[in-house]
Amino acid sequence: MGMKHTTGSNKLDPTLLTGNSPFRDNLLIAMPGLQGDAFFRSVVYLCAHSPAGAMGIVINQRLPEVRFRDLLGQLLLPSSEMKVDPVVHFGGPVESGRGFVLHSTDFMREDTVCINNHIGITGTIDILRAISEGTGPRKSIFALGYAGWGPGQLDAEIQANSWLTVPADDELIFNTDLSGKWEKAMLKIGITPAALSFEAGHA
């Protein structure tokens, strides 16, 4: 059930974010069999899915060794006036040095891609500056890296029961209780993690 191909070096194709699919704007919930994998107990918000591939952001893992303040310094942005110090999330193993912000659409820039009417994704320095100054979006997740799949790969993994899918909602995406997101996502579709673990062991 491993998904090592997901950690490949495929670059994010901007055209992915303009496609439409029934899986786009859904949450992927990693099945318990992914022990030892980078996606163990992960919840991934699927930003894009098309015949060309898929792209998502892990929303329930943090990078404890990375501080937002330090990143501002690396980007030559001032931190002395910093009013907000957000958690830096592990967005996925692809392009781990690249930053993405999932956010509410009360904040929009020219390069912001709207995933739906109330969630967008922006990958420029401007939004980091705005977040640090307290003028950014009302809700946001800042992540380094993303989860990427090549053509047909995610479809095959879903068919192989590596992932469960559930409609996304803002409360779950932007909830700051990272440790509880996987269980809450499971309960959203009426599955208790304990029962799922038992069933997975007898698959």
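The modelled label-to-label distance for the pair residue 178/residue 84, using points 7 Å beyond Cα in the direction of Cβ, is 1.7 nm.
Just to check, using Stokes-Einstein with a Kirkwood Rh over alpha carbon pairs, what's the diffusion coefficient of the range 14-200 at 37 °C and 0.692 mPa s in µm²/s? D, rounded to a whole number, is 194 µm²/s. Model label points for residue 116 and residue 188, set 7 angstrom from Cα along the Cα-to-Cβ axis, are 0.9 nm apart. From most to least packed by mean Cβ count within 10 Å, the peptides 163-174, 105-116 give 163-174, 105-116. Potential lengthening of the chain between residue 135 and residue 74 amounts to 19.9 nm, from the contour at 0.36 nm per residue minus the alpha-carbon distance.
Ranked by the mean number of other Cβ atoms within 10 Å of their residues, highest first, the peptides 140-148, 62-70 fall in the order 140-148, 62-70. What whole-number distance in Å separates the alpha-carbon centres of the range 172-188 and the range 44-59? If we compute the Cα centre of each part, the gap is 18 Å. Between the residues 151, 72, 185, the greatest Cα displacement towards the positive end of the dipole of the range 14-200, with unit charges on the Cβ of Lys, Arg, Asp and Glu, is found for 72.
We did not get these values from a lab; they are worked out from the coordinates using the rules stated. Since this is a predicted model, take the numbers as computed values, not measurements. So basically every Cβ, Gly included, is an ideal-geometry build from the backbone, and we count neighbours across all protein chains shown.
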